[in-house]
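Q: Structure incoming, see below.
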Amino acid sequence: MPFPRCLLTPARGRTALARRQSCLSMEQSAERAWRECLDVIRDNVKQQSFKTWFEPLEAQSLEEEDDLRKLTVQLPSRFYYEWIEEHYFSLLRKTITKVLGPNGRLFYDIVIEQDDPEDPDQGASMQLPARTKNEGDPSPLDDDADASSPDTEADRGRGTDESGPSSSQQDASSPEATQSSGGAPAGDSPREREEPPVQNPFAIPGIQEKEIDSQLNESYTFERFIEGDCNQLARSAAWAIAQEPGGTSFNPYLVYGGVGLGKTHLIHAVGNYVTAQPTDATVLYVSSERFTTEFVQSIQRNRISEFSMFYRQVDVLIVDDVQFFSGKEKTQEEFFHIFNALHQAGKQIVLSADRPPREIDGIEERLLSRFQWGLSADVQPPGLETRIAILQRKAEDDGIDLGQDVIEFIAHNIKSNIRELEGALIRLLAHATLHQRDLDLDLAKEVLHDLVEDEQASLTIEEIQRIVCEYMNIEEDRVRGKTRKREVVRARQVAMYFCKEFTQNSLKTIGLHFGGRDHSTVIHANNTVEDQMETDEQFRSTVEEIGRKIELRSR
């Protein structure tokens, strides 16, 4: 809202010029007076509170009327007015007295949002009543005065005036004024008074917490996140961001991948690390669904300004599953403006999605381009080693004594995502506890039979070749080749032995997969392995160990 215009009549020459200079001088004096007030306030409140509640305010005018010096300051919404009156009344009263003298008064010019921005004559206005003067009220210089009696319900409950102006004024610094929400007594020293926490405008007093709840899951930390080839880049970038939120080129940071791969764990880990540091940084995790719901509620309650201000004061904003913004045009528009404000202020933005930004349909191009300003990192399904490490960590955290063969059985057979891995472990533990059975491989096969894949039917010759060659440290191509080296021949014979045992393929088919050999070669290999197992203890141990690994792939 621009400064109030001086009404100039069609005067000639110096008369009009003098009035215009007087108007400009008054505006300049108002700005100077308010700057002096801000200098005092800055020394008496926390830096975050000052930036949130006082730095955005602008002086409108400074007038002298009835021996009073009236400084008018513009507020963006009534929420601002209520918050400042409740928490900073005493500080403002003393500051105005110091800067303007005992006759100084502070007035608020509160902006009322219009229903139709294109029509300046349309929209509601709210005229807050000026506080009345009582003879017995204490003076502003009396620090022991009690100014905490609340306004009457009639004063606070007057309705809207459809024909009134689009802004309202309220005397805030009058020594006779009372706080609208029962704030601290006027005698409280600004330095003695504890700074109020930042408040969520959507909190319902008595029902919801007034402080900003980060909504973080404290169990999702970097220490509990298993790093592997599937998530190395995403984890490294998240760690760098947590060390210096807003100070890296990874802003915004978007991690994407399929369900149950650790995206939510990783973005929570960033927030938990930041909140654990000795800083005043405000961290907020919110799902896209909750963001949309709150935005719709703010429209219904005519509180869009409060909604926007609440999110703009966050230092680290974490938004999960941004793909669900698809098709919600108004929500995208509001998030676009919040995104810009945070990014320009150097605040950190962390996002997650189930696919790369360019593959998300129904998102505006301007928002998609901003998603890609910083770094987009993907997480892939975990490999076998990572799955084993995840199960070992989960068993350790839950105090479960789990055999390595059971862990490998689960890791070999459940490959899709981490949630299914952990769910299988919980299911196994429940059955062992309820039925008082040992956590062994037999129980795992029995309990998880409907979760694991039917590997016996799908176990291929190539898969057996891979397992044998991996264990015996032989290249797969060599067992299918013509070489007659001792170590290769042994690996080939062992692989043939297990192909005959674990598959339904004919001897001829097995031989063809080993370089076109005939069925007699497969029979010879099988007999050789069986004979050597009877005479060579070490060789038998090797074959048995390979057999256990193959069994882990079957039920």
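Q: Looking at VAL296, VAL255, VAL286, VAL270, which is the one that is in contact with a Lys or Arg (Cβ under 6 Å, 6 or more places away or on another chain), modelled with pLDDT of 90 or more and not aromatic (Phe, Trp, Tyr)?
A: Sole residue among the options that is in contact with a Lys or Arg (Cβ under 6 Å, 6 or more places away or on another chain), modelled with pLDDT of 90 or more and not aromatic (Phe, Trp, Tyr): VAL255.
Q: Could you tell me which numbered condition GLU218 fails, if it satisfies all but one of (1) open to solvent by less than 20 Å² (accessible area, probe 1.4 Å); (2) assigned to a loop (DSSP other than H, G, I, E, B)?
A: If we test GLU218 against (1) open to solvent by less than 20 Å² (accessible area, probe 1.4 Å); (2) assigned to a loop (DSSP other than H, G, I, E, B), just (1) comes out false.
Q: Do any helices (runs of 4 or more DSSP H) lying entirely in the stretch 465-537 carry at least 1 residues that are within 53 Å of the chain's Cα centre (by Cα) and farther than 14 Å from GLY547 by Cα, and which ones are they?
A: 476-479
Q: Right, something else. Taking the condition of being more than 15 Å from ILE226 (Cβ to Cβ) and of a type in the set (Asp, Glu), how many residues in the stretch 376-397 meet it?
A: Result for the stretch 376-397: 1.
Q: Can we say ILE241 is part of a strand (DSSP E or B) and either among the β-branched types (Val, Ile, Thr) or touching a residue at least 12 places away in the same chain (Cβ under 8 Å) (or both)? Steps first, answer last, please.
A: Details: part of a strand (DSSP E or B): no; either among the β-branched types (Val, Ile, Thr) or touching a residue at least 12 places away in the same chain (Cβ under 8 Å) (or both): yes.
When the stated conditions are applied, ILE241 does not pass them.
Q: On to the next question. Would you check if SER298 is touching a Phe, Trp or Tyr at 6+ places or on another chain (Cβ under 8 Å), over 27 Å from GLN243 (Cβ atoms) and buried (at least 17 other Cβ atoms within 10 Å of the Cβ)? Even if it seems obvious, please write down each step before you answer.
A: Values: touching a Phe, Trp or Tyr at 6+ places or on another chain (Cβ under 8 Å): yes; over 27 Å from GLN243 (Cβ atoms): yes; buried (at least 17 other Cβ atoms within 10 Å of the Cβ): yes.
Yes: the conditions hold for SER298.
Q: Of all the residues that make up the stretch 59-79, how many are in a helix (DSSP H, G or I) and either surrounded by fewer than 21 Cβ atoms within 10 Å (Cβ to Cβ) or on the phi > 0 side of the Ramachandran plot (or both)?
A: 1
Q: Using beta carbons and a limit of 6 Å, which pairs, at least six apart or on different chains, have the first residue in the stretch 524-535 and more than 16 Å from GLU501 (Cα to Cα) and the second one assigned to a helix (DSSP H, G or I)?
A: GLN532/PHE539
Q: Return yes when VAL286 is in a strand (DSSP E or B) and free of Cβ contacts under 8 Å to residues at least 60 places away in the same chain and no when it is not.
A: no
Q: Right, something else. Being open to solvent by 30 Å² or more (accessible area, probe 1.4 Å) and of a type in the set (S, T, N, Q) is the filter; apply it to the stretch 326-345 and report the residue that is farthest from THR248 (Cα to Cα).
A: Ranking the qualifying residues of the stretch 326-345, first place goes to SER326.
Q: Now for a separate question. Taking the stretch 538-555, which residues are open to solvent by 70 Å² or more (accessible area, probe 1.4 Å) and either without any contact (Cβ under 8 Å) to a residue 40 or more places away in the chain or part of a helix (DSSP H, G or I) (or both)?
A: Once the filter is applied, which keeps residues that are open to solvent by 70 Å² or more (accessible area, probe 1.4 Å) and either without any contact (Cβ under 8 Å) to a residue 40 or more places away in the chain or part of a helix (DSSP H, G or I) (or both), the stretch 538-555 yields GLN538, ARG540, GLU544, ARG548, GLU551.
Q: Name every residue in the stretch 309-342 that is hydroxyl-bearing (Ser, Thr, Tyr) and over 19 Å from GLN215 (Cβ atoms), in order of residue number.
A: Within the stretch 309-342, just SER326 meets the criteria.
Q: If we keep just the residues of the stretch 244-265 that are of a type outside the set (Lys, Arg) and outside any loop (DSSP other than H, G, I, E, B), which is surrounded by the fewest Cβ atoms within 10 Å (Cβ to Cβ)?
A: It comes out as THR264.
Q: Can you tell me which residues in the stretch 502-537 are exposed (fewer than 14 other Cβ atoms within 10 Å of the Cβ) and hydroxyl-bearing (Ser, Thr, Tyr)?
A: SER506, SER520, THR535
Q: Restricting the stretch 435-449 to residues that are over 38 Å from the mean Cα position of the chain (by Cα) and assigned to a helix (DSSP H, G or I), which is surrounded by the fewest Cβ atoms within 10 Å (Cβ to Cβ)?
A: Top of the filtered list is ASP442.
Q: Continuing with the same structure: Could you check, for the stretch 266-281, whether at least one of its residues is in contact (Cβ under 8 Å) with a residue 24 or more places away in the chain, surrounded by 20 or more Cβ atoms within 10 Å (Cβ to Cβ), farther than 27 Å from LEU421 by Cβ and not small (Gly, Ala, Ser)?
A: Checked against the condition, which is being in contact (Cβ under 8 Å) with a residue 24 or more places away in the chain, surrounded by 20 or more Cβ atoms within 10 Å (Cβ to Cβ), farther than 27 Å from LEU421 by Cβ and not small (Gly, Ala, Ser), the stretch 266-281 yields at least one hit.
The values are calculated or read from the model by the stated rules, or taken from the named source; none is laboratory data. Every value quoted in this text rests on a predicted model; they were computed, and no experiment measured them. FYI the Cβ positions are ideal-geometry reconstructions off the backbone, even for glycines, and counts take in every protein chain you see. When the accessible area is computed, the model is the full protein with side chains, heavy atoms only, and any ligands, DNA or RNA have been set aside. Shrake-Rupley method; radii C 1.70, N 1.55, O 1.52, S 1.80 Å.
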